[in-house]
1. Within region 88-108, can you find the residues that are assigned to a helix (DSSP H, G or I) and surrounded by 15 or more Cβ atoms within 10 Å (Cβ to Cβ)?
2. For region 117-124, indicate whether the set of residues that are of a type in the set (Val, Ile, Thr) and either exposed (fewer than 14 other Cβ atoms within 10 Å of the Cβ) or assigned to a helix (DSSP H, G or I) (or both) is non-empty.
3. Being more than 28 Å from the chain's Cα centre (by Cα) and either at pLDDT below 95 or more than 27 Å from Ala212 (Cβ to Cβ) (or both) narrows it down to one of Ala313, Ala269, so name that one.
4. Out of the strands (runs of 3 or more DSSP E) lying entirely within region 421-534, which hold 1 or more residues that are surrounded by fewer than 22 Cβ atoms within 10 Å (Cβ to Cβ)?
5. Check off (1) within 25 Å of Arg204 (Cβ to Cβ); (2) free of Cβ contacts under 8 Å to residues at least 40 places away in the same chain; (3) in a loop (DSSP other than H, G, I, E, B); (4) not hydroxyl-bearing (Ser, Thr, Tyr) for Ala128 and give me the number that stays unchecked.
6. Taking the stated definitions as given, is Gly370 out of contact with any Pro (no Cβ under 9 Å at 6 or more places or on another chain), in contact (Cβ under 8 Å) with a residue 12 or more places away in the chain, open to solvent by less than 40 Å² (accessible area, probe 1.4 Å) and not in a strand (DSSP E or B)?
7. Check Ile382 against each of (1) in a loop (DSSP other than H, G, I, E, B); (2) touching a Cys at 6+ places or on another chain (Cβ under 7 Å) and name the one condition it does not meet.
8. So, in region 250-268, how many residues would count as being crowded, with 21+ Cβ neighbours inside 10 Å and in a loop (DSSP other than H, G, I, E, B)?
Amino acid sequence: MTPLLHLDRVTYAYAGAAAPSLRDVSLAVEPGELVVLAGESDSGKSTLLRAAAGLVPHFHGGEFAGRLEVGGLDVREHGPADIAAVAGSLFQDPETQVVLGTVRSELAFPLENRGWGDAAVARGVEEAALALGIGGLLDRPTHELSGGELQRVALGAALAARPALLLLDEPTSQLDPVAGDELLGVLRRLNEEWGTAILLAEHRLDRCLSAADRVVAMRGGAIVCDAAPHEFLRREPALRTPAAELFAHAGLEPLPVSVKEARAGLRRAGVAPPPAEPPAAAPAPAPRRRRRGAPAPAVAAEGLWHELRGGAAILRGVDLALAPGERVALMGRNGAGKSTLLRHLAGLARPTRGRVRAAGRVALLLQNPGDYFVRDRVGDEIPAAALEAAGLAHLAGRHPRDVSGGERQRLALAIVLAGGDAPAAVCLDEPTRGMDRAHRDALVAAIERLAAGGAAVLVATHDAEFAAAFAQRIVLLGDGAPVADAPAGEILAGGWYFATQTARVLGGAGGALLPEAGAAVLADALAREVTAPA
């Protein structure tokens, strides 16, 4: 069988880069395979996908060696337009891939380019919209969409023509838990029923590992592991999912690739965690009033409304206050109003009603880090000391568009924090997009330092593991208003979707949110089993 994607000893270096981003890479993806690309930031995953789409070297320039064929097309002789007939692509920045004014036009555009008739185009648009749950967006202007909605629209455009191969770079990074699960279900169905081959780069492996035929792990631009999911988890401890980490900390084998498999493994091991305590009924919260002598909020929204010209409300009477030094995660489904709320707090949008009060500058990192780059070199964006502190000094000579998604996020955050006086509050919108675990942990430490210095930190995120690691408090937004505002443990333990993988494996037992705490719950359960009378 001829591979749909074939790389033979491919080496590639971006223009101005000190070292290659791909090193002697050989890889084959057969028709009908679902292959997951794993690895830390700057490991070469995005560059490999760009090369497979023909963007390397035709768009990015640089030096290319070796042979790469997509559907029999050699990328040295065929550019991105030719390869797009074989391979649909979704990259980390869907904002730059959506180019037309309405969702319907965006989905129709690739089909019209292929010369499809009107009826076939209409059918393709409807099928893509149904598959991704975006039927209600078809006549919406694309500039009004949330980041997660844009991501689904860009994927719909890639899917509409039913390509033989899909190249996906962090496709769930901006999706809420339900939309992320639905997307993986769509991809599994495309793979199993249509025979679509999929090469999928992801940092959140807990979402996709169970669907993979193989996992290809990269490090330093080279492939270091190409194995089935269980073997991958055994060989690459730095890339393990939370469920696998839970088992590793608890000394249990084999390491599971899914929540279902983890629960079955606990039953086989005879380790039954205590049943989760049902949440106690709490009285309706009274309006938060500032005590006499208490410090003023770092930032506060008071009765905040944001209505579109047609009358639809994005924010509905939001009351939210953050104290100096407080760390808060803002969660909720796509389109709930999270990004709009952050824009209001930072003064980038004017409320229809209500007001925002701030004790000083409110720094904001938007979803698209490319919005912050104005120079041709990473080293020209911020002072050298700030670049060194962000761990990006080695990229000083690179163009910002040529670095990985996680590196772009870190650079944009460094730009935001380097500008002006020390902020009273810092708002981050999906800051872990494209970020590996090590850099996510570094971001948690940076958030804790900001808070220790007196800044309130509000982070909009769909990443429950990240929220559990940094947040003292979770605000859950639904239809433009807070529907829950409570300590992290009350929101992230015991739920179906807004829960960490550890909490889902243990059913919320012990309130454990992260693998280390979960392993302690299992150790207690095992001790009770040992000491229980026969």
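The values are calculated or read from the model by the stated rules, or taken from the named source; none is laboratory data. The structure presented is a predicted model; accordingly, all values stated were derived computationally and were not measured. Don't worry about glycine lacking a Cβ; one is built from the backbone with ideal geometry, like all the others, and counts go over all protein chains shown. Quick note on the areas: whole protein, heavy atoms, side chains included, nothing else; ligands and nucleic acids left out. Shrake-Rupley method; radii C 1.70, N 1.55, O 1.52, S 1.80 Å.
1. Step one: list which residues in region 88-108 are assigned to a helix (DSSP H, G or I), which gives 94-96, 103-108.
Scanning region 88-108 gives Pro94, Glu95, Val103, Arg104, Ser105, Glu106, Leu107, Ala108.
2. So far as region 117-124 goes, yes, one or more of its residues are of a type in the set (Val, Ile, Thr) and either exposed (fewer than 14 other Cβ atoms within 10 Å of the Cβ) or assigned to a helix (DSSP H, G or I) (or both).
3. Numbers: Ala313 fails: more than 28 Å from the chain's Cα centre (by Cα).
Result: Ala269 is the single residue among Ala313, Ala269 that is more than 28 Å from the chain's Cα centre (by Cα) and either at pLDDT below 95 or more than 27 Å from Ala212 (Cβ to Cβ) (or both).
4. On the way: elements: 425-429, 456-460, 473-478, 481-487.
Where strands (runs of 3 or more DSSP E) fall fully within region 421-534 and carry at least 1 residues being surrounded by fewer than 22 Cβ atoms within 10 Å (Cβ to Cβ), they are 473-478, 481-487.
5. For Ala128, the failing item is (3).
6. Values: out of contact with any Pro (no Cβ under 9 Å at 6 or more places or on another chain): no; in contact (Cβ under 8 Å) with a residue 12 or more places away in the chain: yes; open to solvent by less than 40 Å² (accessible area, probe 1.4 Å): yes; not in a strand (DSSP E or B): yes.
Taking the combined requirement at face value, the residue does not satisfy it.
7. The number of the failed condition is (2).
8. Selection size over region 250-268: 3.
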